Amino acid sequence: MAHDEGLAAFLEAVGIRAFVDRWEALPLFATHRRLPRRVWQRQRRLRLLNRPAELAASLRGMGTGAQAPLWDRLARLAVPTRLVVGERDAKFVALARQMAARSPQIQVVTVPGAGHTVHLEQPEAFLQAVLPFLEAHGAEAGGQGAGGQGDRALAEAGPGG
């Protein structure tokens, strides 16, 4: 919570542009340097559209520090779950594997060549990991229908779409 509060206070003090500059410089997003320029620019424009007060409130109210840990509930997970991670995102690959070790319902798909934002960095591989899963399990996971038009249209909209 202290980390999220620090980020929120920094955002309020310096504004959205300086916050986004700092955010994009995080090692977590180092793989973004390989994105096509138009993809990176679009993502940056979207980040800059955030309103500082609302983003700060989100960090305070919904940041990882404010969320209750649910690790102990993973063993009771009742629906098939697929975690898609980029191979270059060591932290989240490890977390996904730890989660999968706690539930037979969890399957991890690691996308080669991708970092933290698989959907931006390897959009075709992301779709290949997600669409068949939604088509096979969408209805039982609470969706409106396995592989329905809404699912496909959303996924085919592509990165940031």
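The values are calculated or read from the model by the stated rules, or taken from the named source; none is laboratory data. Quantities reported herein were computed from a predicted structural model and do not represent experimental measurements. Heads up, the Cβs are rebuilt from the backbone with ideal geometry, glycines too, and the neighbour counts pull from every protein chain shown. Surface areas here come from the heavy atoms of the whole protein model, side chains and all, with no ligands, DNA or RNA. Shrake-Rupley method; radii C 1.70, N 1.55, O 1.52, S 1.80 Å.
Of all residues in segment 18-44, those satisfying the criterion of being over 16 Å from the mean Cα position of the chain (by Cα) and closer than 15 Å to Leu7 by Cβ are Ala18, Phe19, Val20, Asp21, Arg22, Ala25.
When segment 69-106 is filtered for residues that are over 29 Å from Phe29 (Cβ atoms), of a type outside the set (A, V, I, L, M, F, W, C) and either part of a helix (DSSP H, G or I) or in contact with an Asp or Glu (Cβ under 9 Å, 6 or more places away or on another chain) (or both), the ones remaining, listed by number, are Asp72, Arg73, Arg76, Pro80. Cβ-Cβ contacts under 8 Å between residues 6 or more apart (or on different chains), taken from a first residue in segment 36-49 that is surrounded by 11 or more Cβ atoms within 10 Å (Cβ to Cβ) to a second residue that is assigned to a helix (DSSP H, G or I) and not β-branched (Val, Ile, Thr), are listed as Val39/Leu120; Trp40/His32; Gln43/His32; Gln43/Leu120; Arg44/Glu24; Arg47/Trp23; Arg47/Glu24; Leu48/Arg17. When Glu135, Glu87, Glu121 are screened for being more than 18 Å from Gln43 (Cβ to Cβ), surrounded by 14 or more Cβ atoms within 10 Å (Cβ to Cβ) and modelled with pLDDT of 95 or more, only Glu87 passes.
Is there a residue in segment 63-81 that is closer than 22 Å to Arg22 by Cβ, among the hydroxyl-bearing types (Ser, Thr, Tyr) and open to solvent by less than 30 Å² (accessible area, probe 1.4 Å)? Within segment 63-81 (the criterion being closer than 22 Å to Arg22 by Cβ, among the hydroxyl-bearing types (Ser, Thr, Tyr) and open to solvent by less than 30 Å² (accessible area, probe 1.4 Å)), the answer is no, since none of the residues qualifies. What do you reckon, is Ala57 assigned to a helix (DSSP H, G or I), of a type outside the set (Val, Ile, Thr) and more than 17 Å from the chain's Cα centre (by Cα)? So Ala57 passes the test. The number of residues in segment 1-54 that are outside any helix (DSSP H, G or I) and either touching a Lys or Arg at 6+ places or on another chain (Cβ under 9 Å) or of a type in the set (S, T, N, Q) (or both) comes to 2.
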